[in-house]
Amino acid sequence: APLLCGRYELVSELGRGTSGVVYKAHDPKLDRLVAIKILRPELVSLEESGVSLKQRFHQEAVAAGRLTHPAIVAVHDVGESEGRPFMVMEYIEGGTLADLLLGGRPLPLADAVGIVLQVCAALDYAHRHGVIHRDIKPRNILAGPGVTKVTDFGTARILGANHTQTGTMLGTPAYMSPEMVRGQVAGPRSDLFSLGVVLYEALTGFNPFNAADLAAVLYRIVNIDAPSVRHHNAELPLALDRVLRRALAKEPDARCGTAADFANALRQAATGEQRTWSLRAFREATRDLRQTRLLSRPARVAVGTMCLLALVAGTWAALPRGPESPRTVAPVSSVKREMEPSARPAAPTVTAPPKGTVPAARGPVAATAQESRCLSVNAVPFAEVYVDDKPGGYTPTACLRVPIGEHRVHFQMDGQRSPERPLRITARHTPDAPMRLSYDFNTGRFLEP
């Protein structure tokens, strides 16, 4: 068997990621199996968002190496072989949570909750030791027989380190938190959002923000609430749905404060433990009801009144509430955006000709100059899009309304400008099938759909 650094015997390849290759290996000195992650050779000299991939690989080793926890894959050794950095980790029999969810198969409630509770324990420990994972997803959760471990700290942020960047998209899009999509600094509650997405998928087999293209995925994360898990499985506990809605809240402050809090709420919801109806618990419940919008305002008032009467056996008549306003997102430009296709376009208004006139013969109807169709735009990192040198807002946008015809499009970000891309918008570029254009500032290339 080939040797690495004259010591580790490579047995077989376990898998390949975007940055590294993982091998099953044997350590003859300690007579044990290990997993070795090696940076892919073509990436040794590359940079990503101003940070060399060798540096990011080292960052992963530092982040994981400072954590010793039963639910976190242990790092045994680091080194470099022929200019390629490698990391030696404990070997876990079995696959990942992503393997268990292949084909959209949901897990039994007890299995899904058990795995997520272990991840909560790992994240609670990591957060208390100043490490934010930033890429929690099924592929980074090892799920072997009776064991669950978090791995791949390649995008981790160490609190207090001076290399953390903002305005850079790190992580896997479908599991990103809204603040990560916006390019903001990710804190512990960002990991909890990602874990909420993982729990949702484990329970239903569906990612709540999945869409046809990257722009639509990122838009949904920031603007669209996830459907209730009971929409997919009506037998799931209502309390579990409430926990997930809190985990997937758009604003970090609306989520659980710590991974331990998330674990406690999840455990209670899954096991049906009775909640102690303190005033604090009552306030949390009424806040959850308002956020989920499951009840109309009059119904909430009635429920609140009955709970208060039961709580204090007094004469509280109603719980004061301000009128709720619908959730809106401030527009970033005057360009019309459409993220979700309309159910059906409104029928055109037909005006009858004056009496006694002869209607003109019908022929093909030409598109008016004002008629527009959809352009789906995205950039990495996020950028401002210009159509014919006019600002059209910021990426990602799943449906930027652009007049039918020939146009020139480019992106700008932090003083950098992409090349112009000529394109033609036609009547067939609907919200369901938009013209797509993506640009990567890291490579200086347009990404072909």
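Structural remarks
- Scanning the stretch 52-74 finds one or more residues that are at negative phi and part of a strand (DSSP E or B).
- Among the candidates Gly104, Gly130, residue that is at pLDDT below 90, farther than 30 Å from Gly6 by Cα and out of contact with any strand residue (DSSP E or B) (no Cβ under 9 Å at 6 or more places or on another chain): Gly104
- Going through (1) of a type outside the set (A, V, I, L, M); (2) part of a loop (DSSP other than H, G, I, E, B); (3) at pLDDT 85 or above; (4) in contact with a Pro (Cβ under 9 Å, 6 or more places away or on another chain) one by one, Gln184 falls short only on (3).
- Considering residues of the stretch 381-397 that are surrounded by fewer than 22 Cβ atoms within 10 Å (Cβ to Cβ) and among the hydrophobic types (A, V, I, L, M, F, W, C) only, the residue modelled with the highest pLDDT: Val387
- Selection status of Pro431, assigned to a loop (DSSP other than H, G, I, E, B) and either of a type outside the set (Val, Ile, Thr) or free of Cβ contacts under 8 Å to residues at least 60 places away in the same chain (or both): yes
The values are calculated or read from the model by the stated rules, or taken from the named source; none is laboratory data. From a predicted model like this one, the values you see are computed outputs, not experimental measurements. Quick reminder, even Gly has a Cβ in these numbers, built from the backbone with ideal geometry, and neighbours come from all protein chains shown.
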